[in-house]
Structure formats: structure tokens, C-alpha cells
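Student: Before anything else, here's the structure in question.
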Amino acid sequence: MSVPATVSERPATRRRGAELERAIFDSVFDQISKLGYARLTMEGVAAAARTGKATLYRRWPDKNALIVDALRAALPSPAEVPPQGGLRADFLALLRCLRSALESSYGATFQALKAEPGAGAGLVHAAIGERVFAPYREMALRALARGVERGEVRPEAVTAMVANVGPAMLIQTYFLEDPVISDDFLEEVVDTVILPMIRR
């Protein structure tokens, strides 16, 4: 009579596509939270995700590439925010997306990575810059351009510096003052800072 296999002895679950990717990324965040960046390994992630190490290496050459992809997948992107039909609504929607990125459910993982010197912090900064801040700037510039067409915005206000004002205020508040960003605060940023600065 055969003895049932224990959990650790059972073969890896056969998953593919998005389901497998999600399991791998979840394992990355879990391992970083428990072990930190330096002790995270491809082997450990594969074991936690119950998949083969070769599966990871077929797609990611090393743990840095894997972590960057996991961060990109976890972060909401302003590039996915559709136009809201008005300048105020556009900026509020973009700032809410930015807030969601800062308050991501993987915030503890981001903090763990940023706390380690060197590569860990660099990966977070690169991923957030590419996935969140660069798209925010592009979408904000488009919102400003639409405002110019409607006669709401001064043409000379369509600049990267103006587009960066909202993120700069959120980052300062989040990291230096209060990590809880309220809707009232976002509305105040838009109504008392951004709109007066760009209107004719």
C-alpha cells in the first residue's frame, strides 16, 4: 500500500500563463518580505511558487530581471487612466492612480527593497519611474494639451515641470509628512495649486 506524498514531496502544480506568472510574482514579494533582497534566490522563488527553477530561467536571466517584472505587474499605471472629460477630473484621476501606486498592497515589499543599499533600492526606483512617474508625466501633458484646445490652459503651461508638480507634492507628503493621502488633499492640490497655475 502506497503512502500519500507529503506537501513538500508533491510535484509542482502544473500552471501556465497568467496563473503561473501571478504565483511567481507573489512568491517574489513573499520572499523579499521574509528574507530581504540579498537572500532572495531564483531557487527559493521557484520552490515557493511550486514550479521548476528552469521555468524561471527560461524567462528571466537573473533575480533582478524577475523582481523588476514583478514590480511592474504590481504597480498601477497612469497610462491606463482614460480621459475624464475635463481638466480637473483628469488631474484628480491621475493623482488617485499615483496614490494607489504609493499605497500599493506590496508597500511592505517596496520598503524592504528600498531599505537595502545598492541594487534593491535601485530596482524599486527604476520600476516606479518607468511604470508610474513617466506615464503620469505623459498623461498630464496630454491633459494640459486638451485643456489648451478647450481654451482652459495657457499654452506655455504645457511643460514637464508643470506636469511634475502634482507628483512632487504627493511624494513629499507621503514620505515626509503623512503616508495617508486623502481625497481632500488631492482636491486641494488640484484646486489650489495646479489649476491656478495653468489657467489663462
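Just so you know, all these numbers are worked out from the coordinates, no wet-lab data involved. Being a predicted model, the structure only gives us computed values, none of them experimental. Quick reminder, even Gly has a Cβ in these numbers, built from the backbone with ideal geometry, and neighbours come from all protein chains shown.
Student: What tally of residues in segment 68-88 results from selecting those that are touching a Leu at 6+ places or on another chain (Cβ under 6 Å), closer than 13 Å to I24 by Cα and in contact (Cβ under 8 Å) with a residue 60 or more places away in the chain?
Tutor: Here the count works out to 0.
Student: Shifting gears a bit: Here is a list of conditions, (1) under 10 Å from the mean Cα position of the chain (by Cα); (2) within 21 Å of T192 (Cα to Cα); (3) part of a loop (DSSP other than H, G, I, E, B), and P76 meets all of them except one; can you say which number that is?
Tutor: Of the numbered conditions (1) under 10 Å from the mean Cα position of the chain (by Cα); (2) within 21 Å of T192 (Cα to Cα); (3) part of a loop (DSSP other than H, G, I, E, B), the odd one out for P76 is (2).
Student: Please work out if G52 is touching a residue at least 60 places away in the same chain (Cβ under 8 Å), touching a helix residue (DSSP H, G or I) at 6+ places or on another chain (Cβ under 8 Å) and surrounded by 13 or more Cβ atoms within 10 Å (Cβ to Cβ).
Tutor: So G52 does not fit the description; no.
Student: Within segment 163-182, how many residues turn out to be part of a helix (DSSP H, G or I) and either among the hydroxyl-bearing types (S, T, Y) or touching a residue at least 40 places away in the same chain (Cβ under 8 Å) (or both)?
Tutor: 6
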